[in-house]
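First the structure, in the form of structure tokens, and then the observations on it.
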Amino acid sequence: MVKEPDSGVFTCQAHLPPGQYSYYYVVDDEVVLNPDEQYEVDADRGAVHKDWSYQADAFRVFYCTGWEDTVMHYRRLQPGHTPPEHFHALPMSVPSSRDVEAGTWKLGTVVPSAEGEAIEFYLSNGKTGDQQREDRPSGGGLYRLPSPSSFKLSFGKLRPFPRGGDERIMVVSDLDGTMFGDVNAPDAFDSSARFQAYWESNQALAGSLLVYNTGRSLGQFTGLLKNCGGRVAVPDVLITAVGTKVWKRKGSDGLTWVEDAEWAALLDKCWDLSIARSVASKLRKHYNNDEGMLKVADDGSEHQHRIALIIDKSIQGHVTNAMAEAFSQADMEVRIIISGAGSHRYVDVVPIAAGKEQALQYVRSRHGIPQHLCVAAGDSGNDILMLDGDHPGIVVGNAQGELLHWLVSRAQDDKVLLADSYFADGIMEGLMRHGLY
């Protein structure tokens, strides 16, 4: 912080993404609070002051390039004044987007210094002499922005990009049947490739979050990324095992992940794996260990906060009732999730604090995304809890009958939309209809 000589007051300026921030002061290596400011007790940080950062009017230029380093050379144009000869040199940063086919997106932000200000600029690779390269409009000259807003510049064309200045959103999507179709079909990843191109060149530039909420394991997901030909967008967060595991991405290729230890600790408090295994074992014995009727697909060895069964659909009622009674007698609250179609059903038993919607809310809260800017997308019955949350939802056009039945039977409003388009095309359609595209 900088001390003002006359008043002795310390001040600082910071340009932060929109959102709420916690802060405190460090004076002579001691953490202190300002007695003249209100404070709150934060569960993670203790006593802190809190304040909001709002989106300032600014000139934002998103530039797609193959240059490793990019510099935005700009000058300010004041009404009634002669344009200055001097250009400011602003190194462009890399937003949260991953690389796209045309290169890497870079961002330059200039905050206006006066009312009615415009700017002119050109771009360079930051080198000098024979190695210097510049990007100017066709025929030379300068690019011109008449007023603060967000713009995209690629292939020599400057376009308005209002999403670049909007609040970031969070899209939480199921994978199989929602983001893409049958992985063995020749066109399996066509729609997900279109979504990837849209996401990386639009929402990711605005700092939006992509979350996959899938029944796949981590290994199955990374295997998918390796074998899809780069046609599935890499998410920022991964939720697996029916909402019992949350993973944070390391690196940009989506192959290295770190489990969220806080989420795991939260589930530990309300789960006893030995009790869950005992309930599953008694049910298996009840059906004489006939795996055609009831098979234990995961006894907690793979995912310590989940028991997974595959059962004949004819015994669904008995299994769920028996489980509910057994866990009640053990004084243990659980969530029983039924999914699947055809002759068999999948039964997942997880802690009461877990589940697709509960994990979604945990991630949303950790990243400070408001409910109305968090969108869930799914195609099957095990997505119902996630879609029924207090936030917008999208049911893709290829949804299974169980989900369509739920959609028809619920109150008809605009919170959960049924898209006409299939798979990831339906997600993009739903974002557009929710006004978040």
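Here Tyr122 does not fit the description of being within 31 Å of the chain's Cα centre (by Cα) and touching a residue at least 40 places away in the same chain (Cβ under 8 Å).
Which count do you get for residues in region 26-50 that are of a type outside the set (D, E, K, R), farther than 26 Å from Ala261 by Cα and not in a strand (DSSP E or B)? Matching residues across region 26-50 total 5.
Scanning region 325-358 for residues that are assigned to a helix (DSSP H, G or I) and either surrounded by fewer than 16 Cβ atoms within 10 Å (Cβ to Cβ) or charged (D, E, K, R) (or both) gives Glu325, Ser328, Gln329, Lys356, Glu357. Would you say Gly177 is at pLDDT below 95 and open to solvent by 10 Å² or more (accessible area, probe 1.4 Å)? The answer is no for Gly177. Report, by residue number, each residue of region 360-375 that is among the aliphatic types (A, V, I, L, M) and touching a Lys or Arg at 6+ places or on another chain (Cβ under 8 Å). Passing the criteria: Ile369, Leu373. Do we have His405 as open to solvent by less than 40 Å² (accessible area, probe 1.4 Å) and more than 12 Å from Thr178 (Cα to Cα) here? When the stated conditions are applied, His405 does not pass them. Filtering region 334-353 to residues that are within 25 Å of the chain's Cα centre (by Cα) and either among the polar types (S, T, N, Q) or at positive phi (or both) leaves only Ser339.
The values are calculated or read from the model by the stated rules, or taken from the named source; none is laboratory data. The shown structure was predicted, so the numbers you read here are calculated from the model rather than taken from an experiment. Because the Cβ atoms are built from the backbone with ideal geometry, glycine has one as well, and the counts that use them run over all protein chains shown. Surface accessibility is based on the protein's heavy atoms, side chains included, excluding ligands, DNA and RNA. Shrake-Rupley method; radii C 1.70, N 1.55, O 1.52, S 1.80 Å.
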